[in-house]
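Readers should treat all values here as calculations from the given coordinates under stated rules, not as data from a laboratory. Every value quoted in this text rests on a predicted model; they were computed, and no experiment measured them. No Cβ is skipped: glycine too gets one built from the backbone with ideal geometry, and neighbour counts run over all protein chains shown.
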Amino acid sequence: MKVNHKGIHIDGIDKKILRALMEDARTPILEIARTVGISGAAIHQRLKKLEKSGLLAGSKFIINPKILGYTTMAFVGVYLDKAVSNPEAVKQLQRVPEVIECHYTTGEWSIFIKILSKDNEHLMHLLNKEIQGIKGVSRTETFISLQQQINRQIKV
């Protein structure tokens, strides 16, 4: 891996390591080392450098929300009455556990959020009581996801 003013450059070995971990973050380092053809210590060193560069943002287990009963995913465009309401609205949205992503956007909405809810009734409650009740929110526009077709990271 090389770092320059234009970003980082990862070599073929780094790519093999990253691909293995992106496929399964629990893959043992020694298994990756055997596949790549370098020592486990070298894998550790490369991973430390990749973390230090900021390319790796951590690792985590992914919970299947459907197993917990969250079967409805929705995307909501949030209209704010004033742009100065953005920071306070985001602070209030952080208090709603079902809001799993929040983005400032260009275009029609001030904020675009992703929500997981148990069903349409739960979603309606979240919209009417939690989100539209936030000071500064003038209205919302909701899109319910019928089925997620693509879920991936950027290719290395």
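Could you tally the net charge around Val90, taking each other residue with its Cβ under 13 Å from the Cβ of Val90, Lys/Arg +1 and Asp/Glu -1?
Once positives and negatives cancel, what remains is +1.
What nm value, rounded to one decimal, do you get for the distance between Ile62 and His103 when each label is placed 7 Å out toward the C-beta?
Distance between label points: 1.7 nm.
For Cα pairs less than 8 Å apart in space and 6+ apart in sequence, what is the mean separation divided by the residue count of the stretch 1-90, i.e. the relative contact order in percent? Please report the intermediate quantities before stating the final value.
Values: 39 pairs, mean separation 16.3, N = 90.
After rounding, I find 18 percent.
If you filter the stretch 13-71 for GluC sites (Glu not before Pro), then keep DSSP loop positions with at most 10 other Cβ within 10 Å, what is left?
Working: sites: Glu23, Glu31, Glu51; in loops: none.
Answer by residue number: there is no such site.
Any chance you could list the semi-axes, whole Å, largest first, of the equivalent ellipsoid that the Cα gyration tensor gives for the stretch 57-156, using √(5λ)? Display every interim value, and only then the final one.
Numbers: eigenvalues 111, 61, 34 Å².
Result for the stretch 57-156: semi-axes of 24, 17, 13 Å.
For a label point 7 angstrom out from the Cα of Tyr79 toward its Cβ, which stretches of the stretch 86-121 have the backbone nitrogen within less than 11 Å?
Under 11 Å, as judged by backbone N against the label point of Tyr79, lie 108-110 of the stretch 86-121.
Taking 20 Å as the cut-off for C-alpha to C-alpha distance, list the pairs among Lys52/Lys91; Lys16/Lys49; Lys15/Lys48; Lys60/Lys129 that go past it.
Numbers: Lys52/Lys91 29 Å; Lys16/Lys49 15 Å; Lys15/Lys48 14 Å; Lys60/Lys129 32 Å.
Check vs 20 Å cut-off fails for Lys52/Lys91; Lys60/Lys129.
Most exposed first by the Cβ proxy, i.e. fewest other Cβ within 10 Å, how do Ser145, Ser59, Ser110 rank? Don't jump to the answer; show the numbers that get you there.
Values: Ser145 13, Ser59 9, Ser110 22.
Result, fewest neighbours first: Ser59, Ser145, Ser110.
Please report the net charge: other residues with Cβ closer than 11 Å to the Cβ of Val99, K and R +1, D and E -1. Let's see the in-between values first.
On the way: positive: Arg95, Lys114; negative: Glu98, Glu101, Glu130.
It works out to a net charge of -1.
Which ³J(HN,Hα) values in Hz, rounded to whole numbers, follow from the phi angles of the stretch 107-114 under the Karplus curve 6.51 cos²θ - 1.76 cosθ + 1.60, where θ = phi - 60° and Gly and Pro get x?
For the stretch 107-114, the Karplus-derived couplings read x, 4, 9, 7, 9, 10, 10, 10 Hz, x marking Gly and Pro.
Find the relative contact order for the chain and round it to a whole percent, using C-alpha pairs within less than 8 Å whose residues are 6+ positions apart.
Values: 174 pairs, mean separation 35.5, N = 156.
Relative contact order of the chain: 23 percent.
For the pair Val96/Gln153, report the inter-label distance in nm, with labels modelled 7 Å from Cα in the Cβ direction.
Result for the modelled spin labels: 3.0 nm.
Taking amide H positions as placed 1.01 Å from N in the peptide plane, with prolines and chain starts having none, which residues 5 or more places from Trp109, or on another chain, fall under 5 Å of its amide H?
none
Using a cut-off of 15 Å between beta-carbons, work out the net charge of the residues near Gly77 (Lys and Arg +1, Asp and Glu -1, Gly77 not included). Don't jump to the answer; show the numbers that get you there.
Numbers: positive: Lys114, Arg139; negative: Asp81, Glu101, Glu108, Glu141.
Its environment carries a net charge of -2.
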